[in-house]
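Taking it in order: structure first as C-alpha cells, then the write-up.
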Amino acid sequence: MNPFLDQCRAAIGAAHLLTDAADMAGYLTDWRRRYTGRALAVARPATTAELAALVRLCVQHRVPIVPQGGNTGLVLGSVPDDSGSALILSTARLNRIRAIDPVNNTMTVEAGCILQRIQEAAAEAGRLFPLSLAAEGSCTIGGNLATNAGGTAVLRYGNTRELCLGLEVVTADGEVWDGLRGLRKDNTGYDLRDLFIGAEGTLGVITAAVLKLYPQPQAQLTALAALRTPEDALRLLSLAQDKCGAGLTGFELMSDFSLRLVTKHFPQMRLPFPQAYPQYVLLELSDSESEKHANGVLEGLITDALEQDIIQDAVVASSIAQSKALWQLREHIPLAQAEEGKNVKHDVSVPISRIGEFIRATDALLQQQFPGCRMVTFGHLGDGNLHYNVSAPEGEPADAFIQRQEPVNRVVHDSVHRFGGSISAEHGIGALKRDEIRRYKTAVELQMMRAVKQALDPLGLMNPGKIL
Ligand code: FAD
C-alpha cells in the first residue's frame, strides 16, 4: 500500500493511474531510444481540475513531477531520471478542442491535443494553424509550447511562442492560472505566458492554450533547387524574399551527402536531377490569390536565379503527390541517418547572414581534428537553424566514433558561440544539454534563470534535472 498512489487513484480513477511495468514502459524511454528512466507511476488526468489535484498531492508528498505529452522530444526532457521517485503526468486524455473563433482568428485547445488534429480542426473552420513538424502525428500542443517548437514554417509564422496568445497553467503548488486570453494587445505587467513557453515543464504544467489562426492560402507550391554553395543558398533566400514577400513559407537547405544517405537507404526515393550538385534548397511558396499567380511568381524567381547564376537547376512540383515527394526527401534525412548508424547531432542556429561562413569554418576545424568525418548538414536555412550532424569517417564503426562525442561537441558548440549563435535552436535543453548551456550562458543569465525557477517552483518538484 502506498498512500500517495491511493490518493492519486481516488483523484482520477484507478484505471488512469498506471503502475504496472508493461503499462508504463512506453512512457519511460525517449523517442530515440537512448535512455530509459524509472517512475513511481504514470497518471493520465482528463481535466485541468484532476491534474491540479495530482500536483497538490505531489506537493504534499514531495513527489517530483515529469510532464509528458507525445514523448517525441529529442533532449530527454519528457522522461524521468532513474531514481524511480517521480510521477509522470501524461496529458494524453486532456485533449479537447474547447472553442474555435474564426472572427478573432483563435482556437482554444487542451494541452494533450495532437498537433495534426489541431491543424485539421483549423482547416475545417476554414483557417490555418501553421505549426508543422515531422512529429506532428504524435506530438502535442502542450509539448510544442513547453519546448517552443520550431518546424518548417517559422520563416513566415514564427516559433510556437509566436502562435500562442494565452495559456492555462497548473502552477507548481497546484493552483490553476487562467490566462486564456485571446488578445493581440495586452500590456499589463510581466508576461507570465512567455515564462511557461519554452520552460520544458520546469515551472508548471500547461493545460490549455489560445492559439492564433491564419487565413488558408489559396495555393501552395514546392520547388527543389540545385546549387553550388550555402552562400548561393543565402543569395537565393534574399532573392526569394524580395520576389515572394510573406508568401515564402519554407526554405530548407540540404547538403548532397544528406540526400545521398536518403537515396542509399530508401532507394524508392529519387532526386529529380540528371546529375548531383553540392547543395539543394527546398522552397515553399504560399499564395493568397491563386495557383496561377503562385506559378507566375515561382517561375519568375527561378528564371531570375538561373540568370544570375545563383542556382544550377530547379524543378517545381506540378501535383500534390510531387510536392509530398520533395518534402519526403527532406523528412527522410533523420531516418536515413539512423539507418547509417549513430552520429553526433547538433541543433544550432547562427545569424542567417553568417551560415555559409559558419559551415566552412566549422567543417575545416572538424576535418583537422577528426580527419575524414562526414557532415550531414541540413535544416531550416530561412531561420538560421542547422541540423549540423557529424558521422564517422568511411570505414570507422559508428559506435566507436560516438565515443568521441564530447570533443566533437566542443568544436561545434565553441564555433557556434564564436559566431554569436545558439547551441539549441529548436529542440530545447532537457537533461541532454543541461551541462552544455552552463558553458555558454553568462553567470548573470544563469542567475536570473535560477531566480525564476526558485520563485515559481520553490520545492524543485517540476521536472527536476531538466534545463538547470
Ligand atoms: P514531450 O516530448 O512529451 O515533452 C517535451 C518537453 O515538454 C518535456 O520537457 C516535457 O516535460 C514538457 N512538456 C510536455 N507537455 C507539457 C505540458 N503540457 N506542460 C508543461 N510541460 C510539458 N522539434 C522542433 O522544434 N522542430 C522540428 O522540426 C522537430 N521535428 C521533429 C521530428 C521528429 C521525427 C521528432 C521525433 C521530433 C521532432 N522535434 C522537432 C522534437 C519534438 O517533436 C518537439 O520538441 C515537440 O514539441 C515535443 O512535443 P511532445 O508533445 O512530444 O512533448
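The values are calculated or read from the model by the stated rules, or taken from the named source; none is laboratory data. Here the structure is a predicted model, which means the values were calculated and not measured. Quick reminder, even Gly has a Cβ in these numbers, built from the backbone with ideal geometry, and neighbours come from all protein chains shown. Remember, those area values only see protein heavy atoms, side chains included, never the ligands or the DNA or RNA. Shrake-Rupley method; radii C 1.70, N 1.55, O 1.52, S 1.80 Å.
Select from the range 359-406 the residues that are in a helix (DSSP H, G or I) and crowded, with 18+ Cβ neighbours inside 10 Å and write down the one among them that is nearest to the chain's Cα centre (by Cα). Let's see the steps before the verdict.
Start the filter on the range 359-406 by keeping residues that are in a helix (DSSP H, G or I), which leaves 359-369, 381-383, 398-406.
Still in the running and crowded, with 18+ Cβ neighbours inside 10 Å: 359, 362, 366, 381-383, 401.
On the way: Ile359: 22, Thr362: 24, Leu366: 26, Leu381: 15, Gly382: 15, Asp383: 13, Phe401: 26 Å.
Once the filter is applied, the top-ranked residue is Asp383.
Just need a number here: residues in the range 279-308 that are part of a loop (DSSP other than H, G, I, E, B) and either open to solvent by 70 Å² or more (accessible area, probe 1.4 Å) or of a type in the set (A, V, I, L, M, F, W, C) (or both).
Going residue by residue through the range 279-308, those that are part of a loop (DSSP other than H, G, I, E, B) are 288-290, 308.
Of the ones still in play, those that are also either open to solvent by 70 Å² or more (accessible area, probe 1.4 Å) or of a type in the set (A, V, I, L, M, F, W, C) (or both) are 288-289, 308.
Looking only at that region, the number is 3.
Just to be sure, is Ala134 within 13 Å of the ligand (Cβ to nearest atom) and either among the acidic types (Asp, Glu) or at pLDDT below 95 (or both)? Quick ask: steps written out before the conclusion?
Values: within 13 Å of the ligand (Cβ to nearest atom): yes; either among the acidic types (Asp, Glu) or at pLDDT below 95 (or both): yes.
Spelling it out, Ala134 is indeed within 13 Å of the ligand (Cβ to nearest atom) and either among the acidic types (Asp, Glu) or at pLDDT below 95 (or both).
Have a look at Glu120, Glu110, Glu124 and point out the one that is surrounded by 19 or more Cβ atoms within 10 Å (Cβ to Cβ) and either within 26 Å of Thr29 (Cβ to Cβ) or away from the ligand (no atom under 13 Å from the Cβ) (or both). I'd like the intermediate steps shown before the answer.
On the way: Glu120 fails: surrounded by 19 or more Cβ atoms within 10 Å (Cβ to Cβ); Glu124 fails: surrounded by 19 or more Cβ atoms within 10 Å (Cβ to Cβ).
Result of the check over Glu120, Glu110, Glu124: Glu110.
Looking for something farther than 18 Å from Leu259 by Cα, in contact (Cβ under 8 Å) with a residue 24 or more places away in the chain and surrounded by 19 or more Cβ atoms within 10 Å (Cβ to Cβ) - is there at least one such residue anywhere in the range 331-345?
Initially, the range 331-345 is screened for residues farther than 18 Å from Leu259 by Cα, giving none.
No, there is no match, as no residue in the range 331-345 is farther than 18 Å from Leu259 by Cα, in contact (Cβ under 8 Å) with a residue 24 or more places away in the chain and surrounded by 19 or more Cβ atoms within 10 Å (Cβ to Cβ).
May I ask you to list the residues in the range 309-327 that are in a helix (DSSP H, G or I) and either hydrophobic (A, V, I, L, M, F, W, C) or surrounded by 16 or more Cβ atoms within 10 Å (Cβ to Cβ) (or both)?
From the range 309-327, those in a helix (DSSP H, G or I) are 320-327; that's our starting set.
Selection gives Ile320, Ala321, Ser323, Ala325, Leu326, Trp327.
Looking at Ala41, is it without any contact (Cβ under 8 Å) to a residue 12 or more places away in the chain, open to solvent by less than 60 Å² (accessible area, probe 1.4 Å) and more than 13 Å from the ligand (Cβ to nearest atom)?
Numbers: without any contact (Cβ under 8 Å) to a residue 12 or more places away in the chain: no; open to solvent by less than 60 Å² (accessible area, probe 1.4 Å): yes; more than 13 Å from the ligand (Cβ to nearest atom): yes.
So Ala41 fails the test.
Residues of the range 155-171 being in contact with a Leu (Cβ under 9 Å, 6 or more places away or on another chain), open to solvent by 10 Å² or more (accessible area, probe 1.4 Å) and within 14 Å of the ligand (Cβ to nearest atom), which ones? Working first, answer last.
Residues of the range 155-171 in contact with a Leu (Cβ under 9 Å, 6 or more places away or on another chain): 155-157, 159-161, 163-171.
Subset that is open to solvent by 10 Å² or more (accessible area, probe 1.4 Å): 155-157, 159, 161, 165, 168, 171.
Matches in the range 155-171: Leu155, Tyr157, Asn159, Arg161, Glu168, Thr171.
Being within 16 Å of the ligand (Cβ to nearest atom) and within 25 Å of the chain's Cα centre (by Cα) narrows it down to one residue among Leu326, Leu282; which is it? Can you show your working first?
On the way: Leu326 fails: within 16 Å of the ligand (Cβ to nearest atom).
Of Leu326, Leu282, the one residue that is within 16 Å of the ligand (Cβ to nearest atom) and within 25 Å of the chain's Cα centre (by Cα) is Leu282.
Which of the residues belonging to the range 70-98 are polar (S, T, N, Q) and more than 8 Å from the ligand (Cβ to nearest atom)? Show your work before the answer.
Step one: of the range 70-98, the residues polar (S, T, N, Q) are 71-72, 78, 83, 85, 90-91, 95.
The answer is Ser83, Ser85, Ser90, Asn95.
Pick from Val66, Val59: which is among the hydrophobic types (A, V, I, L, M, F, W, C) and near the ligand (Cβ under 10 Å from one of its atoms)?
Numbers: Val59 fails: near the ligand (Cβ under 10 Å from one of its atoms).
One residue alone meets the criteria, Val66.
Given the criterion surrounded by fewer than 19 Cβ atoms within 10 Å (Cβ to Cβ), touching a strand residue (DSSP E or B) at 6+ places or on another chain (Cβ under 8 Å) and without any contact (Cβ under 8 Å) to a residue 60 or more places away in the chain, identify the matching residue among Thr47, Thr19. Lay out the reasoning, then the answer.
Working: Thr47 fails: touching a strand residue (DSSP E or B) at 6+ places or on another chain (Cβ under 8 Å).
Only one candidate qualifies: Thr19.
Quick test for you: out of Ala451, Ala455, Ala443, Ala425, pick the one residue that is under 25 Å from Phe378 (Cα atoms), among the small types (Gly, Ala, Ser) and either at pLDDT 95 or above or open to solvent by 20 Å² or more (accessible area, probe 1.4 Å) (or both). Walk me through it before giving the result.
Values: Ala451 fails: under 25 Å from Phe378 (Cα atoms); Ala455 fails: under 25 Å from Phe378 (Cα atoms); Ala443 fails: under 25 Å from Phe378 (Cα atoms).
Exactly one of Ala451, Ala455, Ala443, Ala425 is under 25 Å from Phe378 (Cα atoms), among the small types (Gly, Ala, Ser) and either at pLDDT 95 or above or open to solvent by 20 Å² or more (accessible area, probe 1.4 Å) (or both), namely Ala425.
Out of the strands (runs of 3 or more DSSP E) lying entirely within the range 135-253, which hold 1 or more residues that are under 29 Å from Ala53 (Cβ atoms)?
Working: elements: 164-171, 176-179, 204-212, 219-227.
Here the list reads 164-171, 176-179, 204-212.
Cβ-Cβ under 9 Å, sequence separation 6+ or interchain: first residue in the range 149-165 and more than 15 Å from Cys139 (Cβ to Cβ) and among the β-branched types (Val, Ile, Thr), partner within 7 Å of the ligand (Cβ to nearest atom) and outside any helix (DSSP H, G or I). Which pairs?
From residues that are more than 15 Å from Cys139 (Cβ to Cβ) and among the β-branched types (Val, Ile, Thr), the pairs are Val154/Glu426.
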